[in-house]
Amino acid sequence: MRAVDIIQRKRDGEELSADEIDFFIQGYTRGDIPDYQAAAWCMAVYFQGMTHRETTDLTLSMARSGRQLDLSDVADVVADKHSTGGVGDKVTLILGPMVAAAGQPVGKMSGRGLGFSGGTLDKLESIPGWSPELSTQAFKEQLRRVGLVVAGQTEDLAPADKKLYALRDVTATVPSLPLIASSVMSKKLAAGAHVILLDVKVGEGAFMRTLERAVELAEIMVAIGKLAGRKVAARVTDMNQPLGRAVGNALEVKEAIATLRGQGPDDLTRLLVAEAGHLLHMCGKVASEEEGEARARRTLEDGRALAKFRAFVEAQGGDPTVVEKPDRLLPKADVVRPLLSPRDGWLSRVNARTFGEVTVHLGGGRERKGDPIDHSVGIVLAAKIGDRIEQGQPLCYIHARTETEAQTAAEALLEAYDWSETPVAPPRLIKRTIR
Ligand code: URA
């Protein structure tokens, strides 16, 4: 077999066999197939797509590219949650502690920012000392002791995804249904969780722009998970405007801590309670989703979720006092300036994608593979879709390294907004549940 023939067959829209997919994935993981061939193959997949059978074979091959964790010696049920990527999506940072505080161990492998969407590891690395690098033994030990662990992709767990993820980020091949499904599910299968809740984002700030495509992605991921013997469900949720109010790594950690204190934005808190309740029910911890939601809400009210976050940060080398002093410990941008509304009206559009792209340009994401990022920069929204706003009121606050960068960001962000003369209803957050 030759890599070039496999690229050519996919370029011409043919269906690849399981052996061909495995040859390509294992060869790329070993380094026998170079980045430029893998980039060409990703682009061919982007344009030609894959059948569900090919996507399943791709996922299983990627999961097999390294070790596959068996967590049954740690707990009977280990839970995981994964988002397909959005803007301002800090759900993992809060949901993990909530579910773990409710007595359900959560062990997950997360990724870095991808294109305009943020990444959980980049966010958590805003906390001084926090590290995603854990050996398998340390992963299991922390899961047992703390009940919550968020690890980066190690060399030995789904290494194919680690390489492909970084390559796709810089070759404009992220928004492909088979590539997203295999990326998410290979990590989930390799990390060993028994119960997985997927959050499939849809809208302007998501890789899936239409509800139809998002539902298709959700269904294929649920089907792959079931085939691999895991309990999986998916929620398709709105990503037309940023989730919560903060976009940018340290800013999102700060918002996550506020939410864990019960002082978070309404949309974010509602989504968290619903997803945590669903996950607790899937894990068999409660008799219904409603009971799960009530239990999840209590962890925010009585401080247990915040305490769990603190213990988790400390276990992974971070400074736990970030919980009490986020303003002192998290990196802060030199320039903070408001963007003022040029007119009156009800906000009818707050394009999440623009917020993600501007944050990358401010330095909060990567333009090239391996670029360093600036954790301090980003944007904090002062108003969201449905809010009434008067001319001259702040729409958002830009956190930048320089005045010039803040000015460039302001010009781009103005394009993200639309106003209506009549009242506008805020978008519904949860659009579909696939069980
Ligand atoms: N999240 C992932 O883990 N992979 C993708 O491809 C997109 C979102």
From the options L217, L197, residue that is within 11 Å of the ligand (Cβ to nearest atom) and open to solvent by less than 10 Å² (accessible area, probe 1.4 Å): L217
Would you pick out the residues in the range 1-13 that are assigned to a helix (DSSP H, G or I) and surrounded by fewer than 19 Cβ atoms within 10 Å (Cβ to Cβ)? V4, D5, Q8, R9, R11
Residue under evaluation R328, criteria (1) open to solvent by less than 40 Å² (accessible area, probe 1.4 Å); (2) assigned to a helix (DSSP H, G or I), criterion not met: (1)
Please find, among G244, G284, the residue that is buried (at least 23 other Cβ atoms within 10 Å of the Cβ) and closer than 19 Å to V99 by Cβ. G244
Which of (1) more than 16 Å from the ligand (Cβ to nearest atom); (2) touching a residue at least 60 places away in the same chain (Cβ under 8 Å) is the odd one out, the single condition F47 does not satisfy? (2)
For the range 261-270, indicate whether the set of residues that are outside any helix (DSSP H, G or I), of a type in the set (S, T, N, Q) and either in contact (Cβ under 8 Å) with a residue 24 or more places away in the chain or away from the ligand (no atom under 16 Å from the Cβ) (or both) is non-empty. yes
Test: F47 is within 16 Å of K163 (Cα to Cα), open to solvent by 70 Å² or more (accessible area, probe 1.4 Å) and at pLDDT 95 or above: no
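Per-residue answers, yes or no, for (1) acidic (D, E); (2) modelled with pLDDT of 95 or more; (3) open to solvent by 40 Å² or more (accessible area, probe 1.4 Å); (4) in the same structural domain as T269 (by TED's automatic domain parsing):
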residue: T29; (1), (2), (3), (4): no, yes, no, no
residue: M62; (1), (2), (3), (4): no, yes, no, no
residue: L93; (1), (2), (3), (4): no, yes, no, yes
residue: F116; (1), (2), (3), (4): no, no, no, yes
How many residues of the range 64-88 are within 16 Å of the ligand (Cβ to nearest atom), at pLDDT 95 or above and over 30 Å from N351 (Cα atoms)? The answer is 1
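List the helices (runs of 4 or more DSSP H) that sit entirely inside the range 14-79 and contain at least 1 residues that are within 23 Å of the chain's Cα centre (by Cα).
Qualifying helices (runs of 4 or more DSSP H): 35-48, 52-63.
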So in the range 108-138, with the set limited to residues that are more than 20 Å from V360 (Cβ to Cβ) and within 16 Å of the ligand (Cβ to nearest atom), which one is farthest from the chain's Cα centre (by Cα)? P132
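Conditions (1) surrounded by 20 or more Cβ atoms within 10 Å (Cβ to Cβ); (2) at pLDDT 95 or above, marked per residue:
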{"position": "K123", "(1), (2)": "yes, yes"}
{"position": "W130", "(1), (2)": "yes, yes"}
{"position": "T136", "(1), (2)": "no, no"}
{"position": "R145", "(1), (2)": "no, yes"}
{"position": "L167", "(1), (2)": "no, no"}
{"position": "A181", "(1), (2)": "yes, yes"}
{"position": "V184", "(1), (2)": "yes, no"}
{"position": "L189", "(1), (2)": "yes, no"}
Run G88 past the list (1) at positive phi; (2) touching a His at 6+ places or on another chain (Cβ under 8 Å); (3) not polar (S, T, N, Q) and report the number of the one that doesn't hold. (2)
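The values are calculated or read from the model by the stated rules, or taken from the named source; none is laboratory data. Quick caveat: nothing in here was measured; it's all calculated off a predicted structure. With ideal geometry, Cβ positions are generated from the backbone for all residues, glycine too; neighbour counts draw on all protein chains shown. The accessibility values were calculated without ligands, DNA or RNA, using every heavy atom of the protein model including side chains. Shrake-Rupley method; radii C 1.70, N 1.55, O 1.52, S 1.80 Å.
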